[in-house]
Amino acid sequence: MKDWRAVAATVGPATGYLAVFLLLPFIIVLLLAFSSAEGPGEAGEFTLRHFREIVDPVYLTVLWRSLRLALLTTVLCLVIGYPAAWAISNLEKSRQVLALIILVIPSWINLLIKNYAWIVILRREGVVNVILQGTGLSSEPLNLLFTEGAVLVGLVHSYLAFMVLPIYAALERIDRRLVEAGRDLGAKGWRLFRTVILPQSLGGVIVGCVFVFVLALGSFVTPDLLGGARGMMIGNLIQNQLLQVRNWPFGAALSVTLVAAVLAAVVVFVRVVGRAGGERAL
Amino acid sequence: MKRQWRLAGLVGVFLFAYLPILVVVAYSFNDSRFALTWNGFTLRWYRVLLQSPEFLAALENTAIVGLTSTLIATVLGTLLAVGLYLYRFAGSSIVRALLYVTVILPDIVMAVGLLMFYVAVQFTLGRNSVILAHVTFQIPFVALVVGGRLQAFPRVLLEAAGDLGAGRIQRARVIILPLILPGIIAGAAIAFTLSIDDFLITYFTAGVGASTIPVRIYSMLKRGVTPDVNALATLMLATTFLLGWLGLKLSRVREEKLA
């Protein structure tokens, strides 16, 4: 086609915009991460010292915690979200839409507010402690806030809908006749689920896991509000290096590490989990 | 019996999703500074909030940033979608990949990149830097939503109009625009929601004096739990529910019209 002028007029502006405000900034981060320069856009020599700095027990603890919490969040969202999606897909058609809307609305709520709600509930003079002391289950207020557990609860609460929606979409597409056929052939309960339902919904599971893992790994608000120093994750470390410590090259190296981890996670989920599931389905 | 267990579980999940938020709403009407016990109904914290100059300034910033960025992103994103879906060209897969990368990139990384970019090119941080930053994450969503409308686009119409002598501009105005208008409106609504909802990228690129409502909430939270935070959170919730309800209503009207 000789439509290059039309292509340039339509695709050009937005692509140019993303090149300037997305690609260029990332190139600046990448260059700074591998440079001896102290600030973005400054000249410097190639070095790996900012990445060597990451291999320090203090920082490795944060990285390991980020990975662990993101994985735990994904597993918990899956364990809660799959049955929820299954329950919704078994409702009557008209009720399904209502149930989905009820479930999706909280995911529109601002993250700061959702996590703030957990501060109100978990702090020393919060709802949980008032109940525990009121019923005599505990004589002293417990320190529930600023723990890894609080971060985990906040992350699951924040991202649960991202797990339920793709799984529900996959379950909806399952050919119910196959389930009937499986039942007629004598498969029941767990066996029916493992051999008929799970393989067909695996696509939704993978998408949900990727969403939740990537969102949790890069989270800042939840660990910042609910974790404090003991619940710090890589996003908080990056913010700390950028805005407080002002060690920008190190912040850049951490950002590059986070992007690499996100990309690796996507590849692993899609390739490994997808392939394993495909074999099991056979 | 099995069915009852399933429903009970579902209700449990709903409670987990809503209960924490309802506690905040209840506390926002509680006439007690320390919010421990119920001391009676009050609108005091809403008065405190609405009289705070910081809140009003943040509200103004949120509105200006939201509207301006949405306008720019809707134009750029719609053009992009039209180009991507109606023409075949070398490099279209790269542009598509760029869109998905923008969606999946963690906010914190985009925030760091934009801050470093502004510092490198010596762009003063303020309302303008925030608007330009928001357009960046809005474009892909507008393009994907409008693109969804274009997937089922009857190309024959364009060819027919061309055969009848309509020029490129005329075809765009008379055929493409009316068909994708619902997509453009939906895309703009999503872009606006993303803008007023964003905290992290605004926080990094706002500098001093360009705080939006989410940034304001954050700085209030950092100073501790106060009743006016509950009031602000409740107002944000009400806005979210109102926008969501409007969106659902609009989409339902659209479906009925199409049917």
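Since every read-out is calculated from the coordinates, none of them should be taken as a lab result. Treat the numbers as computed from the prediction; the structure is a model and nothing was measured. So basically every Cβ, Gly included, is an ideal-geometry build from the backbone, and we count neighbours across all protein chains shown.
If you line up the long axis of helix B:107-120 against the longest principal axis of chain B, both from Cα atoms, how many degrees apart are they, to the nearest 10?
The answer is roughly 80 degrees.
Within 10 Å of each Cβ in B:11-22, how many Cβ atoms from other chains are there, averaged over the peptide?
Working: counts 1, 3, 12, 5, 0, 7, 13, 6, 4, 15, 9, 1.
Rounded to a whole number, the mean comes out at 6.
Please list, in chain and number order, the residues 5+ apart from A:SER35 or on another chain whose amide H is under 5 Å from its amide H, with Hs placed from the backbone.
The answer is A:THR47.
DSSP loop (so not H, G, I, E, B), at most 15 other Cβ within 10 Å: list which chymotrypsin sites (Phe, Trp or Tyr not before Pro) in segment B:3-55 pass both filters.
Of the chymotrypsin sites (Phe, Trp or Tyr not before Pro), the ones in loops of segment B:3-55 whose Cβ has at most 15 other Cβ atoms within 10 Å are B:PHE34, B:TRP38.
With N set to the number of residues, divide the alpha-carbon radius of gyration of segment A:16-61 by 2.2 N^0.38 Å and report two decimals.
So the Cα radius of gyration is 1.40 times the expected 2.2 N^0.38 Å.
For chain B, which longest stretch is free of loop sites, where a loop site is one of the trypsin sites (Lys or Arg not before Pro) that DSSP puts outside H, G, I, E and B and that has at most 15 other Cβ atoms within 10 Å?
The longest uninterrupted stretch comes out as B:89-222.
Subtracting the Cα-Cα distance from 0.36 nm times the residue separation, let me have the gained length for A:VAL20 to A:ALA264 in nm, one decimal. The partial results should precede the final answer.
On the way: separation 244, 0.36 × 244 = 87.84 nm, distance 2.55 nm.
Using 0.36 nm per residue and subtracting the Cα-Cα distance, I get 85.3 nm.
Ignoring trypsin sites (Lys or Arg not before Pro) that are buried or in helix or strand per DSSP, and keeping those with at most 15 other beta carbon atoms within 10 Å, what is the longest stretch of chain A between them?
In short, A:3-123.
From the helices alone, meaning DSSP H stretches of at least four residues, give me the mean residue ellipticity at 222 nm for the protein assembly as shown, per-run term -39500 (n - 2.57), in deg cm²/dmol to the nearest 500.
Working: 26 runs with 395 residues, N = 541.
Result for the protein assembly as shown: -24000 deg cm²/dmol, rounded to the nearest 500.
Find the eigenvalues of the gyration tensor of the Cα atoms of segment A:124-234, then list the square roots of 5 times those eigenvalues as equivalent ellipsoid semi-axes, largest first, in whole angstrom.
For segment A:124-234, the ellipsoid semi-axes come out as 40, 20, 10 Å.
Roughly what % of Cα-Cα distances in chain B sit above 31 Å, to the whole percent?
Summing the P(r) tail past 31 Å for chain B gives 43 percent.
How big is segment B:1-124 in terms of Cα radius of gyration and Dmax, in angstroms?
Rg then Dmax for segment B:1-124, in Å: 23.9, 67.
If you average the C-alpha positions of segment A:184-206 and of segment A:55-98 separately, how far apart do those two centres end up, in angstrom?
Here the answer is 20 Å between Cα centres.
In whole Hz, with x marking every Gly and Pro, tabulate ³J(HN,Hα) for segment B:229-244 from phi via Karplus 6.51 cos²θ - 1.76 cosθ + 1.60, θ = phi - 60°.
Karplus values, whole Hz, x for Gly and Pro: 5, 4, 5, 4, 4, 5, 4, 4, 4, 4, 4, 4, 5, 4, 5, x.
Report the per residue volume, in Å³, of the convex hull enclosing the C-alpha atoms of the protein assembly as shown. Display every interim value, and only then the final one.
Working: hull volume 106.3 nm³, N = 541.
Dividing the Cα hull volume of the protein assembly as shown by its residue count gives 197 Å³.
What's the longest bit of chain A with no exposed GluC sites (Glu not before Pro), using DSSP loop states and at most 15 other Cβ atoms within 10 Å as the test?
Values: sites that count: A:GLU38, A:GLU42, A:GLU45, A:GLU92, A:GLU125.
Longest gap between qualifying sites, sites excluded: A:126-282.
In degrees between 0 and 90, to the nearest 10, how far off the longest principal axis of chain B does helix B:177-197 point, with axes built from Cα atoms?
Taking the Cα atoms of chain B, the angle to B:177-197 is about 30 degrees.
If eta is 0.890 mPa s and T is 25 °C, what Stokes-Einstein diffusion coefficient results for chain A, Kirkwood Rh from Cα pairs, in µm²/s? Let's see the in-between values first.
Numbers: Rh = 22.1 Å.
Translational D for this selection: 111 µm²/s.
Cα axis of helix B:2-28 to longest principal axis of chain B: angle in degrees, 0 to 90, nearest 10?
For helix B:2-28, the angle is close to 70 degrees.
Please report the net charge: other residues with Cβ closer than 14 Å to the Cβ of B:ARG6, K and R +1, D and E -1.
Here the count lands on +2.
Within 10 Å of each Cβ in peptide B:91-101, how many partner chain Cβ atoms are there on average? Round it to a whole number, please. Please list the in-between numbers first.
Details: counts 3, 2, 0, 1, 4, 0, 0, 6, 4, 0, 6.
The per-residue average across the peptide is 2.
Can you list the chymotrypsin sites (Phe, Trp or Tyr not before Pro) in segment A:78-123 that are in a DSSP coil and have 16 or fewer other beta carbons within 10 angstrom?
Passing both the DSSP loop test and the Cβ count: no residue.
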